[in-house]
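S.K.: My questions will all concern the structure given below.
No lab work stands behind these numbers, since they all come straight from the coordinates. Everything numeric in this text was worked out from a predicted model, so none of it was measured. Cβ placement follows ideal geometry from the backbone for every residue including glycine, while neighbour counts extend to all protein chains displayed.
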Amino acid sequence: MSRAYNFSAGPACLPLEVLQQVQADLVDYKGTGMSVMEMSHRGKDYDQIHNEAIAVFKELTGIGDDYEVCFIQGGGSMQFAMIPMNFLAAGKSADYANMGTWSGKALKEAQKVAALRGAKVNVVAECAKDIPTRMPRDGEWKFSADAEYAHICTNETISGAQLKKIPEAGVPLFADMSSDILSCERDYTKFDLFYAGAQKNLGPSGMGVVAIKKELAAKGAESIPTLLQYRTHVDNNSLYNTPPTFAIYVFGEVMKWVKRMGKENLFKLNREKAAKIYAAIDASSFYKGTALPEFRSDMNVTFRLPTEDLEKKFVADAKALGMSSLKGHRSVGGIRATIYNAFPMEGVDALVAFMKDFEKKNG
Ligand SMILES: Cc1ncc(COP(=O)(O)O)c(C=O)c1O
């Protein structure tokens, strides 16, 4: 077997032992005589998988029974639409931070809903286009006291900037945590709603994992289609319709892996992995980090080489050595080394050694 060091930003590498467990369970899940893919979502075997996945996620995030964890199809992007559809009512306003590509997309969806309904969207921090890339600073947030909610993104996957300090919004705080959920120490109870597309730190693509305060879900719009209302998912334990059962099962296995690893160990490892690559960047004048040092992401390490031709060669040479997907997002170019929870330290060491060697030969 040969596994690549897969630096993809999502879908991203999953823990090998989880993949192997999934493989072992594939055609006969624990003596049931069938794959999880083939089971009724109303049966007791699936029920246990579903509820255990939720329980471990709640334990790892430290959220209590005032929250419901929902599995909603449509990934992170569906949440960009569902949030304003549920909570941005006519005549009301919501606060949005424009911190990069993803929070910018969330902002645009809210603006669409606001235009349809006669509501207002306030941009409360703006740094999406800044180079070096960064996050809003403490004094820059301009939250409104009367907003229905404030929306932020904790890690901008494309720019490689991460919010190290969560702001006090003074109104219900919602966060897109698609690319750094469960990767670092964080007080999840500060958020009334947080969500992530699963394909980075949580499992397979196509599903959003949403944690929402139950009392908030109950306040959402009732005029929108049933499946788009949070209360539908909350009231039915994400089983109103057929959920993505196999994705939820793999998510549960990833959560159990995080628990076995010990989340503090994992968080420490994440800091160490990122620090090694940033140290290699800082030790050289050939590589230039794209994010301001104080906002450097521990998940997506972005940097540039002196020319685009050299960047192409860097990506191709690395690929030939078994290091894949180092090309930056197509909208910005450059190099992006994504190192989510499941990415191994050996892969980071291989990249750092390669960076030194590449600079020697091409610098
Ligand atoms: C921070 C962030 N939010 C949202 C998304 C969109 O997620 P999805 O592709 O699951 O809709 C992404 C995808 O990369 C992301 O990085």
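S.K.: Sequence neighbours fewer than 8 away in the same chain don't count; with that in mind, list the aspartates and glutamates whose C-alpha is under 18 Å from Lys319.
M.R.: Straight-line reach from Lys319, under 18 Å: Glu308, Asp309, Glu311, Glu346, Asp349, Asp357, Glu359.
S.K.: Roughly speaking, what is the centre-to-centre gap between the range 331-363 and the range 173-213 when only Cα atoms are used, to the nearest Å?
M.R.: 26 Å
S.K.: With θ set to phi - 60°, apply the Karplus curve 6.51 cos²θ - 1.76 cosθ + 1.60 along the range 134-143 and write out the HN-Hα couplings as whole Hz, x wherever there is a Gly or Pro.
M.R.: 7, 10, x, 8, 3, x, 8, 5, 10, 5
S.K.: Rounded to the nearest 0.05, what FRET efficiency do Lys112 and Arg330 have when you use their Cβ-Cβ distance and R0 = 35 Å?
M.R.: The computed FRET efficiency comes out at 0.90.
S.K.: Considering only the chain, what is the antiparallel percent among its DSSP beta bridges, to the nearest 5?
M.R.: 55 percent
S.K.: Pick out, from Gly91, Val18, Gly64, the residue whose Cα sits farthest towards the positive end of the charge dipole of the range 16-260, with +1 on the Cβ of Lys and Arg and -1 on the Cβ of Asp and Glu.
M.R.: Of the listed residues, the answer is Gly91.
S.K.: Which one of Gly334, Ser178, Leu193 is farthest out on the positive end of the charge dipole of the chain, using unit charges on Cβ (Lys, Arg +1; Asp, Glu -1) and the Cα centre as origin?
M.R.: Gly334
S.K.: Suppose every K and R has +1 on its Cβ and every D and E has -1 on its Cβ; what is the size of the dipole of the chain about the Cα centre, in Debye to the nearest 20?
M.R.: 820 debye
S.K.: Please list, ordered by chain and number, the residues whose modelled amide H lies under 5 Å from the amide H of Tyr67; skip anything fewer than 5 residues away on the same chain.
M.R.: Lys214
S.K.: What FRET efficiency would be calculated for the residue pair Thr226, Met261, taking the C-beta separation as r and a Förster radius of 30 Å, to the nearest 0.05? Display every interim value, and only then the final one.
M.R.: Values: r = 38 Å, r/R0 = 1.28.
Here the calculated transfer efficiency is 0.20.
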